[in-house]
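Peer 1: Structure incoming, see below.
The values are calculated or read from the model by the stated rules, or taken from the named source; none is laboratory data. Worth saying up front: this structure is predicted, and the values here are computed from it rather than measured. Cβ placement follows ideal geometry from the backbone for every residue including glycine, while neighbour counts extend to all protein chains displayed.
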Amino acid sequence: MPHPAIERARERVIHGRIPADAALLHEIAAIPAAEVPALLDLADVVRTEYCGNGIAVEVLYNAKRGGCSEDCNFCSQSARFATDVEPEPLAEVEGFLATARDAHRRGATEFCIVVAVRGPSKRVLDRVCEATQRIKVELPLTVAVSLGILTKEHLIALAAAGVDKVNHNLESSERYFPKVCTTHTFAERLKTARMVKAHHLELCCGGIIGMGESVEDRIDFLMTLQELRPEEVPINFLNPRPGTPFGAYSLLEPSEALRFVAMARLALPQSLIRFAGGREITLAGLQDLGMRSGASGIVLGDYLTTGGRADAEDFAMLDRLGFEVLA
Ligand code: SF4
């Protein structure tokens, strides 16, 4: 007999079609580790019921590496920390196009352009817009951008260029955010995320688990996302980068990582929940199980500053599990 909290979640999310609220997530967070496999099974059923059997595959493109003015404590691209990231200037448009072609060839349907900045300068914005226009003419890719804090004018220009989706992560709860970053605020992040929705662009908004936050923070983070209703929620697990303030943190326990993914699925049943950075290092041999914990998308390695496993291994996993890779 499954744990009563799992049964309550089944009744509410599957039969009642109502996302889990904070009280239910607290119950789920407290179920014993031995019950986690049953929780993952439920999250997998919720994914199938709400999202079908398709898995969305994405490639990230770091179009300007390092040298960022901000102090996000997990990030090796901050200019404030002595890390192994060598800053590189903004790529030329041809560089964007070559990587987008490669992403399409590798089997991705989504291409996310990332620029390590607080917010885009006119030069960055113009370059990203020009590259997006050319990618959309040439390739059948969803184009997402991650350009930091945005204004109304930025969003109008991005939408006009053909950008489909904007990534702007909240990273954690409002309460924990000051422990993650001090050079900008949670409120600024929330403002950008809300503006993305107001401009009718798809919102990709998630965060990083394993930065020392409490269970309460994780649940508050999910509740803020529930209110925002992002189309996509990327979930990263902290991969502690040498030289960053979080560089000596321990990896998240795999069962806690998967419990969180399942909680995210119960709180956000309709969203594309995507495994992003830290999947391989945190889950190691449990990645197949991870794909059965409620996620409906993956990022192919490489990530922004860290490697991943070979594409063939990920596609073999999806095939082995009977998923349909979305075209
Ligand atoms: S997460 Fe983004 S804003 Fe923060 S330091 Fe890294 S590149 Fe800069």
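Peer 1: Can you name every residue in region 1-16 that is in contact (Cβ under 8 Å) with a residue 24 or more places away in the chain and not small (Gly, Ala, Ser)?
Peer 2: 2, 3, 6, 10, 13, 14
Peer 1: I need the full set of residues from region 29-62 which are among the small types (Gly, Ala, Ser), in contact with a helix residue (DSSP H, G or I) (Cβ under 6 Å, 6 or more places away or on another chain) and more than 15 Å from residue 3 (Cβ to Cβ), in order please.
Peer 2: Passing the criteria: none in range.
Peer 1: Could you check residue 56 against (1) at pLDDT 95 or above; (2) aliphatic (A, V, I, L, M); (3) closer than 26 Å to residue 257 by Cβ; (4) in contact with a Gly (Cβ under 8 Å, 6 or more places away or on another chain) and say which number it fails?
Peer 2: With (1) at pLDDT 95 or above; (2) aliphatic (A, V, I, L, M); (3) closer than 26 Å to residue 257 by Cβ; (4) in contact with a Gly (Cβ under 8 Å, 6 or more places away or on another chain) applied to residue 56, the lone miss is (1).
Peer 1: Identify all residues within region 278-327 that are free of Cβ contacts under 8 Å to residues at least 60 places away in the same chain, under 22 Å from residue 39 (Cβ atoms) and of a type in the set (A, V, I, L, M, F, W, C); write none if there are none.
Peer 2: 283, 284, 286, 317, 321, listed by residue number.
Peer 1: Something else about it: Somewhere in region 105-112, is a residue within 30 Å of residue 324 (Cα to Cα), buried (at least 17 other Cβ atoms within 10 Å of the Cβ), β-branched (Val, Ile, Thr) and in contact (Cβ under 8 Å) with a residue 24 or more places away in the chain?
Peer 2: Yes, the conditions are met somewhere in region 105-112.
Peer 1: Name the residue, out of 186, 275, that is aromatic (Phe, Trp, Tyr) and at pLDDT below 95. Explain how you work it out, then say what you get.
Peer 2: Values: 186 fails: at pLDDT below 95.
Selected residue: 275, the only one of 186, 275 that is aromatic (Phe, Trp, Tyr) and at pLDDT below 95.
Peer 1: Can you pull out the residues in region 76-117 that are within 10 Å of the ligand (Cβ to nearest atom), in contact with a strand residue (DSSP E or B) (Cβ under 7 Å, 6 or more places away or on another chain) and not aliphatic (A, V, I, L, M)? Explain how you work it out, then say what you get.
Peer 2: Of all residues in region 76-117, those within 10 Å of the ligand (Cβ to nearest atom) come to 76-81, 85, 114-117.
Cutting the leftovers down to in contact with a strand residue (DSSP E or B) (Cβ under 7 Å, 6 or more places away or on another chain) gives us 77-79, 114-117.
Selection gives 77, 78.
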